[in-house]
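Heads up, the thing below is written out as C-alpha cells.
The values are calculated or read from the model by the stated rules, or taken from the named source; none is laboratory data. What you see is a predicted model; the values in this text were computed from it and never measured. Cβ placement follows ideal geometry from the backbone for every residue including glycine, while neighbour counts extend to all protein chains displayed. Accessible surface areas use protein heavy atoms only, side chains included; no ligands, DNA or RNA. Shrake-Rupley method; radii C 1.70, N 1.55, O 1.52, S 1.80 Å.
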Amino acid sequence: MPDPTFATDPRQAQIARELHAGVRDLPLLCPHGHVDPGLLADDRPFPDPARLLIVPDHYVTRMLLSQGIPPSRLGVPRRDGGEVETDGRTIWRLLADNWHLFRGTPSRLWLEQTFRTVFGVETRLGPATADDVYDAIAARLAEPGFRPRALFEKFGIEVLATTESPTDDLAQHAKLAADGWGGRVISTFRPDNVVDMEREGWAEEIAKLGEISHEDTGVYSGYLSALRRRREAFIKAGATSSDHGHPTATTALIDEKTAADLYDRGLRGTATAADAETFRGHMLLEFARMSIDDGLVMQLHPGAVRDHNRALYAAHGRDVGGDIPQATDYVHALRPLLDAYGMEPHLRVVLYTLDEHAFSRELAPLAGGYPALFLGAPWWFLDTPDAMRRFREAVTDAAGFYNTAGFVDDTRAFCSIPVRHDVARRSDAAFLASLVAQDRLPLDEAAETMADLAYHLPKKIFKLDGTRT
Ligand SMILES: [Zn+2]
C-alpha cells in the first residue's frame, strides 16, 4: 500500500492524486500537539524503535491491552515505579507477534507509512521480520540526520505548537529561543489543571499558579490576574492559542460574586460536582473575554470521559489510552458563550469533538451560523481516513470548507507528524475529487481549496501569520 488515495473509483483516484500532488510539498503547520519541547531543546538522539514508536503511542498500547497484553509488558511506566519491560527488542517482538490486530486500523497505516517514508524501511512487519525492521530503524536512529532538529527540518515543519499548563515555567521554550536554532516551536496555554477543581491536586496547582505569577491566588481576583499574567508569558513564548479540555461543552454566565464564592468553596474543599461544572463553564466565558483582549485563539474540546478504565489509571495514570468518548451537547451548552461573544469579530473559537454524530446535527450548523466559531479537525478516534471522509460529508453542506480550521495532528509522537498530515491531505483530496468527478466543482477551484485546507486556512485561523487580534 505505497500511496493510498482513499478512493475506489479510478477517475476519482486520478483526480485525488493530482490534487494531492499540488499540496504534497507545502510546509506543515502544527498548531495543536503534545510533543515534548525538551525533545527539540535538547536534540538528543531518539531511544530505540520501541521506545520511540510503541511505548508512548496509546493507540497502539490500548489495542494490545484490549487483547489482554498488559501495558507493563509494553514498557508503559507504572505510577508506583513498579517493574515494566525495558528491553526495546522484546517490546517490538511483542508488537510484531500481534501485528494482525491492527489490520484495517489507522495505527497500522501510520506505522507502516512512518517506517517507509521516515526510515526508508519497506519490509512488511510480522513475527518473522520483527528483528529486521527493528534493526533497520535502530540503525537509522543512530545517524545524525535522525536527531529531532534534523527531522523537524526534513519534515518541512513551519511551526510546531506544544502544550503547557500555566504553572509550567516554559524553560524549554526559553532554551530553544536562546540558542538560535531557528525552528519555530511555540507553546499553547492549557489551563485545565487550574480550572477544574475536581482534579486531584487542584488546590496545590492554584498555589503553584500564585508562585509563578507572583499573584495572590488565595482570592478569586488574584486568580484571574495570575491567569492574565501567565497568558502574557505564553504569548511571549510564541503562543497563539489556548486549549480547553472540559468534560462537557457547558458555558455559564454568572456574576463576579457567585464566581468568587465558587472559587472559595473549591479552595476550602467544599465545592460540589455541580459547583465545579458551573465554575468550568464560567471560566470559558472568562477566557473568551481574555481572548478578545489578548488575541489568543480558543480551542475547546469537550466530550472525553477521562480515565474510564479505572484499573489502567490506577496502574499507569493519565493519557495512556483509558479515555472514552461520550455523547456531547453543544447547541445548548455553548449558548451562554455565543449569546455573549458569538458575533464578536475579535474572538475565534475552534471546536473539536469526539462525538462524530454532533458534526452534522450541531457543530456544522453552529460553525456555519456564528462568525466566532470554526470547526476543528476530526481527531482522537476520528483522525482516520474514513472518519475524515465522514467529517467532510457531514459538515460541508452547512459549514462549507472555510468554517473549518484545517488539520491538527494532536500527537505526542514526533515521527508520526508528516504521515498524519499526509493522510489528512490525501483524505481531503479524495473528498474534493469526488466533487470534481461529479461535476460539482471545477478542478482549479478544488486545487485552490486543497491548498487552503492544507496550509492557508490553519495559518490564518490559528494566527500563525503574525496577526495578533
Ligand atoms: Zn490535544
- Query: Ignoring ligands, DNA and RNA, what accessible area per residue does the chain give at 1.4 Å, in Å²?
  - Reply: 42
- quick note, the chain, DSSP beta bridge pairs, % antiparallel (nearest 5) is 10
- Item | Set 208/257; 208/459; 257/463; 257/460 screened for pairs whose C-alpha atoms are more than 26 Å apart | 208/459; 257/463; 257/460
- Item | Net lengthening on full extension, residue 86/residue 438 (0.36 nm per residue, minus Cα-Cα) | 121.3 nm
- Query: Of the heavy-atom accessible surface of the range 203-303 (probe 1.4 angstrom), what whole percent is carbon and sulfur?
  - Reply: 53
- Note on the structure: Expected field for residue 175, accessible surface area in Å² at 1.4 Å probe radius, rounded to 10, holds 90
- Message: What's the magnitude of the charge dipole for the range 83-188 around its Cα centre, counting Lys and Arg as +1 and Asp and Glu as -1 at the beta-carbon? Answer in Debye, nearest 20.
- Response: 380
- Förster-model FRET efficiency, 22 Å R0, residue 36 and residue 142, C-beta, rounded to 0.05: 0.60
- Item | the range 369-469: relative contact order as a whole-number percent, Cα under 8 Å and 6+ apart | 30
- Message: Just to be sure I understand the model, the point goes 7 Å from the Cα along the line to the Cβ. What's the resulting residue 265 to residue 460 distance in nm?
- Response: 4.5
- Rounded to the nearest 500, the 222 nm mean residue ellipticity computed for the chain from DSSP H runs (n ≥ 4, each -39500 (n - 2.57)) alone is -13500 deg cm²/dmol
- Message: 5 Å is the cut-off here: which amide hydrogens, built 1.01 Å from N in the peptide plane, fall below it relative to residue 299, excluding neighbours closer than 5 in sequence?
- Response: 242, 243, 244, 350
- Just check the range 200-321 against the gyration tensor rule for me: Cα atoms, a ≥ b ≥ c as the square roots of the eigenvalues, rounded for a/c under 1.5, and otherwise prolate or oblate depending on whether a/b exceeds b/c. rounded
- Message: At a 10 angstrom cut-off on C-beta neighbours, averaged per residue, how do the peptides 363-374, 16-27 rank from highest to lowest?
- Response: 363-374, 16-27
- Item | Partner lysines for residue 175 [C-alpha distance under 17 Å; skip if fewer than 8 residues away on the same chain] | 236
- Order the following by accessible area, largest value first: 270, 278, 8. Probe radius 1.4 Å; ligands, DNA and RNA are ignored. 8, 270, 278
- Quick one: grab the alpha carbon gyration tensor of the chain, order the square roots of its eigenvalues as a ≥ b ≥ c, and give me rounded if a/c is under 1.5, else prolate or oblate depending on whether a/b is larger than b/c. oblate
- Message: Could you compute how much accessible surface residue 235 exposes when probed at 1.4 Å, giving the result in Å² to the nearest 10?
- Response: 40
- Item | Global form of the range 330-469, assessed from the alpha-carbon gyration tensor, a/c cut-off 1.5 | rounded
- Task: Take every DSSP beta bridge whose two residues both sit in the range 228-384, then give the antiparallel share in percent to the nearest 5.
- Result: 15
- Considering amide H positions built from the backbone, and no H for Pro or chain starts, which residues 5 or more places from residue 404, or on another chain, come under 5 Å of its amide H? 375
- Note on the structure: Here the relative contact order (percent) of the chain, from C-alpha pairs under 8 Å and at least 6 apart, is 20
